[in-house]
Amino acid sequence: MNGRLGEDAPLFDVFLRDGFGSRVEGLAGRLRVAGGGEIRSYRLSDSLAGLIPGTGQAPFVVFADACLDVGESHLRRLARLLRHNPGIPALTFGGEALARVYGETAAGGGQVAQRLAPVRHLPSWFCAVSRGLLDKDGFHTPEFFLLDLGRRLAERGVQPLSLASAPAVLDTRFWVRDLLFQAPDNLATDYRQY
């Protein structure tokens, strides 16, 4: 995790998934300010397959759902960590959603501003991934794309990280409902492929 990325160069490009029943206003703008890269929006019912190649040049790619509430200060912290540690393979935010959806126990961040904790899963609602790891295209949903990426990282002995002291707020009940009702065919196709 050594080295440092230039302050003026774009840090991350964003795939912003929209079409949820709830939407957090201003998330796209906060992501643009923090990362400086391209933002590509797509609908929840759209396929992710084919979006990844040829989008942006930033060293990281962020997958984010428009229903996620994450503060500007947390995004600045994330950007600072990625810029100063370009070797981080994947980074997400802590919060209750990780426990509810993936069974991850929340590591207490306390008052340590940039505490990093290992996680087993890469949540599709928010995850920054090193562009060099995006070598596989073909999944229709970020859920299965990131499950596969997490599996491949584990096989290499690499663990994704969570910014434990920066919780992201997500109403998992509505998130799951919207996902199942608006993307059932894409989820079923990916499940068969996975």
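Readers should treat all values here as calculations from the given coordinates under stated rules, not as data from a laboratory. Model, not experiment: these values are computed from the prediction. A quick note on method: Cβ atoms are made from the backbone with ideal geometry, for glycine too, and the neighbour counts reach across all protein chains shown.
Observations, loosely collected:
- Other residues with beta-carbon under 14 Å from the beta-carbon of Ile39 carry, at +1 per Lys or Arg and -1 per Asp or Glu, a net charge of 0.
- Computed over the chain with a Gaussian network model linking Cα atoms closer than 10 Å, the most mobile of Leu149, Leu133, Leu48 is Leu133.
- Leading residue at positive end of dipole, the chain (Cβ point charges), from Gly36, Leu78, Ser124: Leu78
- Taking packing as the residue-averaged number of other Cβ atoms within 10 angstrom, the listed peptides 117-127, 34-44 run from highest to lowest as 117-127, 34-44.
- Residues Arg17, Arg192, Arg131, ranked from the fewest to the most other C-beta atoms within 10 Å, line up as Arg192, Arg131, Arg17.
- Calculated [θ] (222 nm, deg cm²/dmol) that DSSP helices of n ≥ 4 give over the chain, each run adding -39,500 (n - 2.57): -10000 deg cm²/dmol
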